[in-house]
Structures are given as structure tokens and as C-alpha cells.
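Structure first, then comments.
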Amino acid sequence: MNIPMSKPILHYYNIADGITAFTTTRHGGESKGSLGELNINTHRGDDPAAVETNLNALANELNIPANRIVRQHQVHETENRQITEAFFSLPIDKQKEMLEGSDALITNLKNACIGVFTADCVPVLLYDPIHQCTAAIHAGWKGTVKRIVRATVQKLTHVYGTKPEDLKAVIGPCISLRNFEVGQEVYDSFMEAQFEMEKIAQRYEKWHINLPLANELELLALGVKKENIHQSGICTFDQHKDYFSARRLKDTFGTIYTGIIIR
């Protein structure tokens, strides 16, 4: 492992004993400009050397090998992938091929980090303490409308036997209701998907949607207990100096990584 030049600054969540759950901030890396500093996403046009340095620094902070940090290429759909030990035996190109087009990951491996990239979208982490399995979900507005959280919980149930009432959840840093102004077509998409619009939508000059609440309501509807859902309360748009925000940074920006590890 390369010796990291910087120490990544992470936001940790106390989800359960024996679990490391976190979100990277923008601090403690080698990337420059609107990609700076801590970006580990290879799909943002960043300097590959900086991304590699940042990844190694994050791995050092998490005390796992860099190649055990799983990074998928997300496309705002509802596909999810199961990460088994066989995945880590695949050549790098085959790993990338498997992860292409996935927006959620599940695993029951120890000392492997699954996670999602966001820059205003909603990252959701799930942990089943009974069956010792986890999920990491990328829920942008399109994924939320398509109910990616529901699809992933159903996958956990199918693969590991998870019961929603046992799950512990983290809803990480994302854009807040106040800053997520949308067009009528986005409002209509949520309404047609039968979301509780009186709870998640508010009209200012235009419609605004509460994405973190929409995903919390989805978890509750699935049977996850209210007391087991943690909302970070961090708005990426307001706190864009600490977390990447696509709406603030516009064309060129890095992404935060929200991940979870079973120890």
C-alpha cells in the first residue's frame, strides 16, 4: 500500500457495534479544484494518480486493503449486485464489468467495504444484525421514484433472509428540501409513483421535494422501525465546502463516498 500524503476526514455513523459506517468529506486528499480534495471516483475526470492516492489514504484510514473498497458505476436505476468473495478474485476489468450499471450493493463479507457515490443524491446504508449483512444504496430522485430502497431490501430478504423490522439504516448527506427545486415533471413522477406528496413536497416559487424524507418513508412503509433510522441532517448544497454538491459545482465535481464495513 502506498503511504498516504493526507489523512482523509470522514463523517462516521454509530450504527452498531462491529460496524464501520461513514461518509467521506471533501477534506484530506490530493485532488484539485472543484474535484478537491478527497475524490475516489474514477468517472469524474479526475487525475488518476490523485484518485489512487486518495483511495490508498482512505484504505489506510479504514484499515482495509484498497482493493476491498468496492466502487460501482451508477446510472440512476434500481439494479443491485451481491458482493461475494469470488468478486475479489476476478480481474479488475471483470470487476468493473460486473459493477457497471449498478446502483446498490449488498454483502455479508467481513472487512470488505461496499458504498455509493453521491453529490446531492441520497446515500442509504442498511445493516441486518441478525443475518450480518449490509447494503449501500444510491437513491437520486430517479432511483427514489423507482423505489430502489424497496428493491434492495427485497434482495436482502431473498439472499440473506433479512426481515425489514431488524434493519438499521443511515440516510447520509444529500440535498435538502429547501434546496431541491424541481420541475413539474419531477413532481408528477413522484405523484404518479404514489408517494405521499403532502409530506414530501412543498411549493415555494416552484415545487421542492424532500428526498431524504421520501426514502425514510419508504423504509418505514417496508417495516423498518423509526428508531432504527438515522438521518444525517447534512445538506450537501448548504455545506458544499465540506461535501460535494452537483447543483453548486455544476459541471465538474467530485463525489463523496458513503460506505459500510462488517468487522
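The single condition among (1) under 15 Å from the mean Cα position of the chain (by Cα); (2) surrounded by fewer than 18 Cβ atoms within 10 Å (Cβ to Cβ); (3) closer than 18 Å to Gly143 by Cβ that Gly233 does not satisfy is (3).
Of the candidates Lys206, Lys163, Lys168, Lys155, the single residue that is out of contact with any strand residue (DSSP E or B) (no Cβ under 6 Å at 6 or more places or on another chain) and at pLDDT 95 or above is Lys163. When each of Gly259, Gly254, Gly233 is tested for being small (Gly, Ala, Ser) and assigned to a strand (DSSP E or B), the lone residue that passes is Gly259. Which of the residues belonging to region 1-50 are of a type in the set (Phe, Trp, Tyr) and either open to solvent by 10 Å² or more (accessible area, probe 1.4 Å) or under 14 Å from Phe244 (Cβ atoms) (or both)? Those that are of a type in the set (Phe, Trp, Tyr) and either open to solvent by 10 Å² or more (accessible area, probe 1.4 Å) or under 14 Å from Phe244 (Cβ atoms) (or both): Tyr12, Tyr13. Taken over region 99-143, residues that are surrounded by fewer than 24 Cβ atoms within 10 Å (Cβ to Cβ) and among the acidic types (Asp, Glu) amount to 2.
Within region 105-144, being assigned to a strand (DSSP E or B), farther than 22 Å from Asn63 by Cβ and either polar (S, T, N, Q) or modelled with pLDDT under 95 (or both) holds for one residue alone: Thr118. Contact annotation: residue pairs with Cβ atoms under 6 Å, 6 or more positions apart or on different chains, pairing a residue in region 70-85 that is more than 17 Å from Arg44 (Cβ to Cβ) with a partner that is at pLDDT 95 or above and of a type in the set (Ser, Thr, Tyr), are Glu79/Ser102; Asn80/Thr152; Arg81/Ser102; Ile83/Thr107.
Conditions (1) assigned to a strand (DSSP E or B); (2) on the phi < 0 side of the Ramachandran plot; (3) in contact (Cβ under 8 Å) with a residue 40 or more places away in the chain; (4) open to solvent by 30 Å² or more (accessible area, probe 1.4 Å), marked per residue:
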position	(1), (2), (3), (4)
Leu156	no, yes, yes, no
Glu165	no, yes, yes, yes
Ala169	yes, yes, yes, no
Glu185	no, yes, no, yes
Gln194	no, no, no, yes
Pro212	no, yes, yes, no
Asn215	no, yes, yes, no
Glu218	no, yes, yes, no
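Within region 118-131, residues that are among the aromatic types (Phe, Trp, Tyr) sit with their Cβ atoms under 8 Å from residues that are modelled with pLDDT of 95 or more and open to solvent by 10 Å² or more (accessible area, probe 1.4 Å), at 6+ positions apart or across chains, in these pairs: Tyr127/Ile15; Tyr127/Ala16; Tyr127/Ile19; Tyr127/Lys168. Please verify whether Thr84 is among the hydroxyl-bearing types (Ser, Thr, Tyr), buried (at least 21 other Cβ atoms within 10 Å of the Cβ) and closer than 29 Å to Ile130 by Cα, treating the condition exactly as stated. Criteria not met by Thr84.
The values are calculated or read from the model by the stated rules, or taken from the named source; none is laboratory data. These numbers come from a predicted model, not from an experiment. Don't worry about glycine lacking a Cβ; one is built from the backbone with ideal geometry, like all the others, and counts go over all protein chains shown. Surface accessibility is based on the protein's heavy atoms, side chains included, excluding ligands, DNA and RNA. Shrake-Rupley method; radii C 1.70, N 1.55, O 1.52, S 1.80 Å.
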